[in-house]
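Following: one structure in structure tokens, then a few remarks.
The values are calculated or read from the model by the stated rules, or taken from the named source; none is laboratory data. Quantities reported herein were computed from a predicted structural model and do not represent experimental measurements. Cβ coordinates were reconstructed from backbone atoms using ideal geometry, including for glycine residues, and neighbour counts include every protein chain displayed.
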Amino acid sequence: MRQTLVVGNWKMNGSRASVAHLLGEILEAIPASGAEVAVCPSYVHLAQAIELCAGSAVAVGAQDCSRMPAGAYTGEVSADMLVDQGCRWVILGHSERRQYHAESDALIAEKLSAAVAAGLQVIVCVGETREQRESGEAEAVVAGQLRGALQGQENLAGLVVAYEPVWAIGTGLTASPEQAQAMHAFIRACLSGLAGVDADATRVLYGGSVKAGNANQLFAQQDIDGALVGGAALDAGEFLAIVGAGAA
Ligand code: PGA
């Protein structure tokens, strides 16, 4: 039985005031049991979020980390620094990192090794573009991203994969529950072919315009084990409703 996981990816949004307000609303109403919950604010809001969430059912994660442990890498943040702050999670390979920062599967694999070595729980994102889906390449792209990031990794216990079709992120378009389920089942089959991965135990999250109104249907699918939520995670009511759908 895989516990549903709902993760808020706040992207480059927020201020000290809005973080305090949003987390205040979330923490006031978060159920003590049900779905596992994490929020991923920007680096500069991590310490504030960790302090606010201390002792609560909400864990805190980062949206990226460096592949390097320490040193002369201006602007980078290491996995050890995240752990030292109190972070439990890190998102790696988000399509916005792949697109705007030219992150390759090889770089994501290096970041994954660094994050695992530091003791972070990792969410690796995969997903095809609209053109790739329309030309029938969606499965090949996702399989390549999984292999590229995961093959040869030493310790993938507790790994989480997020399937985020690029055409559904922030667009209001969502993969239908059936489309998402088909890709999630495919991802689980790919995982079962990789050494060191327990495919049955690995949670596969869906991401891309998840909101209160579609979470129930998505979570009802056999291989959808939760959600990576962008826009709707900035609205406490929406986010709490998605978390609630994960408890059902
Ligand atoms: P969205 O973003 O929910 O705003 O589509 C999801 C994500 O990018 O993780």
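Listed values, structure above:
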| quantity | calculated |
| --- | --- |
| Tally of residues being more than 18 Å from the chain's Cα centre (by Cα) and modelled with pLDDT of 95 or more across the range 141-176 | 2 |
| Qualifying residue in the range 105-124 (condition: within 16 Å of the ligand (Cβ to nearest atom), of a type in the set (Ser, Thr, Tyr) and out of contact with any Pro (no Cβ under 7 Å at 6 or more places or on another chain)) | no |
| Test: residue in the range 218-225 that is closer than 21 Å to Ser33 by Cβ, touching a Pro at 6+ places or on another chain (Cβ under 8 Å) and β-branched (Val, Ile, Thr) | yes |
| Qualifying position, being within 16 Å of the ligand (Cβ to nearest atom), under 14 Å from Ala236 (Cβ atoms) and surrounded by 23 or more Cβ atoms within 10 Å (Cβ to Cβ), among Gly14, Gly8 | Gly8 |
| Yes/no for Leu234 being within 15 Å of the ligand (Cβ to nearest atom), at pLDDT 95 or above, surrounded by fewer than 21 Cβ atoms within 10 Å (Cβ to Cβ) and closer than 21 Å to Ser42 by Cα | yes |
| Only one of Gly61, Gly34 that is at pLDDT below 95 and under 19 Å from the mean Cα position of the chain (by Cα) | Gly34 |
| Some residue of the range 176-191 being within 11 Å of the ligand (Cβ to nearest atom), in contact (Cβ under 8 Å) with a residue 40 or more places away in the chain, touching a Phe, Trp or Tyr at 6+ places or on another chain (Cβ under 9 Å) and not polar (S, T, N, Q) | no |
| Pairs with Cβ under 6 Å, 6+ apart, first in the range 120-144 and under 30 Å from Gln85 (Cβ atoms) and in contact (Cβ under 8 Å) with a residue 12 or more places away in the chain, second assigned to a helix (DSSP H, G or I) and among the small types (Gly, Ala, Ser) | Leu120/Ala79; Val122/Ala115; Val124/Ala149; Gly127/Ser95 |
| Filtered residues of the range 195-217 (kept if touching a Gly at 6+ places or on another chain (Cβ under 9 Å), more than 16 Å from Ala35 (Cα to Cα) and among the hydrophobic types (A, V, I, L, M, F, W, C)) | Ala195, Ala199 |
| Whichever residue in the range 91-102 is within 14 Å of the ligand (Cβ to nearest atom) and surrounded by fewer than 19 Cβ atoms within 10 Å (Cβ to Cβ) and, among such residues, is farthest from Gln179 (Cα to Cα) | Tyr100 |
| Filter pass, Ser56 being in a loop (DSSP other than H, G, I, E, B), more than 23 Å from Val116 (Cα to Cα), touching a helix residue (DSSP H, G or I) at 6+ places or on another chain (Cβ under 6 Å) and among the hydroxyl-bearing types (Ser, Thr, Tyr) | yes |
| Those strands (runs of 3 or more DSSP E) lying entirely in the range 86-202 with at least 1 residues among the aromatic types (Phe, Trp, Tyr) and at negative phi | 89-92, 160-163 |
| Any hit, the range 202-210, residues being surrounded by fewer than 16 Cβ atoms within 10 Å (Cβ to Cβ) and either touching a helix residue (DSSP H, G or I) at 6+ places or on another chain (Cβ under 8 Å) or within 30 Å of Glu154 (Cα to Cα) (or both) | no |
